[in-house]
1. Given the convex hull over the Cα atoms of the stretch 81-142, what projected area results after averaging over all orientations, in nm²?
2. Just tell me the longest site-free run in the chain, where the sites are GluC sites (Glu not before Pro) in a DSSP loop having at most 16 other beta-carbon atoms within 10 Å.
3. Compute the helix-to-body angle for 103-120: its Cα long axis versus the longest principal axis of the chain, expressed 0 to 90° and rounded to tens.
4. Where the accessible area of the chain is counted over protein heavy atoms with a 1.4 Å probe, how much of it, in %, is carbon and sulfur?
5. Helix 23-53: angle to the longest alpha-carbon principal axis of the chain, degrees 0 to 90, nearest 10?
6. Which longest run of the chain has no exposed loop site in it, a site being chymotrypsin sites (Phe, Trp or Tyr not before Pro) in a DSSP loop with at most 13 other beta carbons within 10 Å, and the site itself not part of the run?
7. Between the helical axis of 2-13 and the dominant principal axis of the chain, each derived from Cα atoms, what acute angle in degrees is found, rounded to the nearest 10?
8. Report the full-extension gain for the segment Asn116 to Thr87: residue separation times 0.36 nm, less the Cα-Cα distance, to one decimal in nm.
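The values are calculated or read from the model by the stated rules, or taken from the named source; none is laboratory data. Computed from a predicted model, the values in this text were never measured in an experiment. Please note: Cβ atoms are built from the backbone with ideal geometry, for glycine as well, and neighbour counts cover all protein chains shown. Accessible surface areas use protein heavy atoms only, side chains included; no ligands, DNA or RNA. Shrake-Rupley method; radii C 1.70, N 1.55, O 1.52, S 1.80 Å.
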Amino acid sequence: PLNAIMGFSEVIMNEMFGPVGIPQYVEYSTDIHNSGAHLLEIINEILDLSKIEAGKFELSEEDVDLNEVISAVDLLVKGRSDIKDITLETVVPDPPPRLYADKRAIKQMLLNLLSNAIKFTPQGGHIKLTGAIGADNKILLVVSDNSIGIDEDELAIVLSPFGQVDSPLA
C-alpha cells in the first residue's frame, strides 16, 4: 500500500498524464509523497532497531548535506508547529558544514528532537535548530526551545534507551 501511495502521488506530482490544473494539488501530492517516504523511513528505522538489538545494525554512511536534511525535517514538522503558532528558526553557517554520517539516522534524530520540542513548547513559542562546527571540528546539532524543560534529576531517565518521564502534559 505504501508503494502505491508513493507511486500515485509521484504521478500526480510530476503531472505524468498531463497538467493537474490546480497548483495546490501538485503541492499536496508532493507532501503526500514526502510523508510516504518518511513513513517508509520510520518502518526501516523500526527494522533497524531490531537489528540493533540483535547486534547486526550497520550504518549507511555517506556525505550528507546538512541543509538538505534540515529542510526535509522542517517540512515534516511544519504543520504541527503552525497549528501551535510556534516559530521554527534554523541557524546554519554559510556554507553549511558537511558531515559523513547515516543520513536517515540524522534525519530521524532531528525529527524526534523537533517533534518533542513542538509537543512541549507552549502556543506561540519558539524553537531553534542550530548546526555549527564546534571544538575539534566536530559538528554540533542543537535543538533549543522555550518549553517546560526537563528536571535535572530526570535527565538520566530521558537519556536512557526508551526512557520517558511522566508529566502533566503526557
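1. 4.8
2. Here the longest run is 59-170.
3. That helix lies at roughly 70 degrees to the long axis.
4. In the chain, the share of accessible area belonging to carbon and sulfur is 57 percent.
5. 50
6. Free of exposed loop sites, the longest segment is 18-161.
7. Around 60 degrees separate the two axes.
8. Full extension of this stretch gives 9.0 nm more.
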